[in-house]
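The values are calculated or read from the model by the stated rules, or taken from the named source; none is laboratory data. Source: prediction; values computed, not measured. Every residue, glycine as well, gets a Cβ built from its backbone with ideal geometry; the counts of neighbours run over all protein chains shown. In case anyone asks, the SASA skips ligands and DNA or RNA and just uses the protein heavy atoms, side chains included. Shrake-Rupley method; radii C 1.70, N 1.55, O 1.52, S 1.80 Å.
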Amino acid sequence: MIVTLIHFLATDVTLPRWVFWIWLVATVGAIGFVAYMWWDVKRDEASTIPTRYESDILFGLRWRWRITAFGWDDFTAFCPSCDNQLTMNDFQPLITGGSTYVCDSCGRPGRMDEHFIQETAKRAEKEAQRRYRTGGWKDAQKRIEQAK
């Protein structure tokens with residue numbers, strides 16, 4: 001293969017060699033330009049995709065999670081005022097349905113429609129995924145600031 005290439009470059013042709021080199025440079029330049037334009041379009045599209053959407057106010061609580069290759073993991077509830085992590089012990093089920101919580105750190109009270117935090121975490125995960133799909137994630141930082 002290399003010998004054939006050397007033979008090709010060394011043989012006489014009716015076309016001057018400078019035309020060949022100009023054609024080669026123009027072709028490489030055109031391919032580079034097209035590749036750059038494709039990359040630029042993809043970069044603009046990627047900037048509208050939330051790469052760091054890992055927190056939002058959902059159902060009155062601040063939730064944090066991780067997005068991995070395997071899905072959405074580790075939904076954890078936090079107090080929207082002081083950012084203290086809420087645990088299962090902070091939630092008290094009500095006989096009439098739902099549950100209440102009081103933050104240990106700042107004393108902020110709250111109420112949820114579900115009896116258990118796991119049920120609310122599932123609802124929060126579904127809502128976060130909906131916001132991710134529909135573009136509602138763009139206002140997450142504003143919602144977090146308003147909740148404080």
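Using a Förster distance of 25 angstrom, determine the FRET efficiency expected from the C-beta separation of PHE8 and VAL28, and round it to 0.05.
With a Förster radius of 25 Å, E is 0.90.
Over the C-alpha atoms of the chain, what are the Rg and the largest Cα-to-Cα span, Dmax, in Å?
29.2, 96
Could you report the chain's accessible area per residue, 1.4 Å probe, as an integer in Å²?
Accessible area per residue, the chain: 72 Å².
When only the heavy atoms of the protein chains count and the probe is 1.4 Å, how do ASP113, ASP56, ASP40 rank by accessible area, highest first?
Reading off the accessible areas and sorting them downward yields ASP113, ASP40, ASP56.
Using 1/(1 + (r/R0)^6) with R0 = 30 angstrom and r between the beta carbons of ARG133 and TYR36, what's the FRET efficiency to the nearest 0.05?
On the way: r = 31 Å, r/R0 = 1.02.
Using R0 = 30 Å, I get an efficiency of 0.45.
How big is region 82-143 in terms of Cα radius of gyration and Dmax, in angstroms?
13.5, 37
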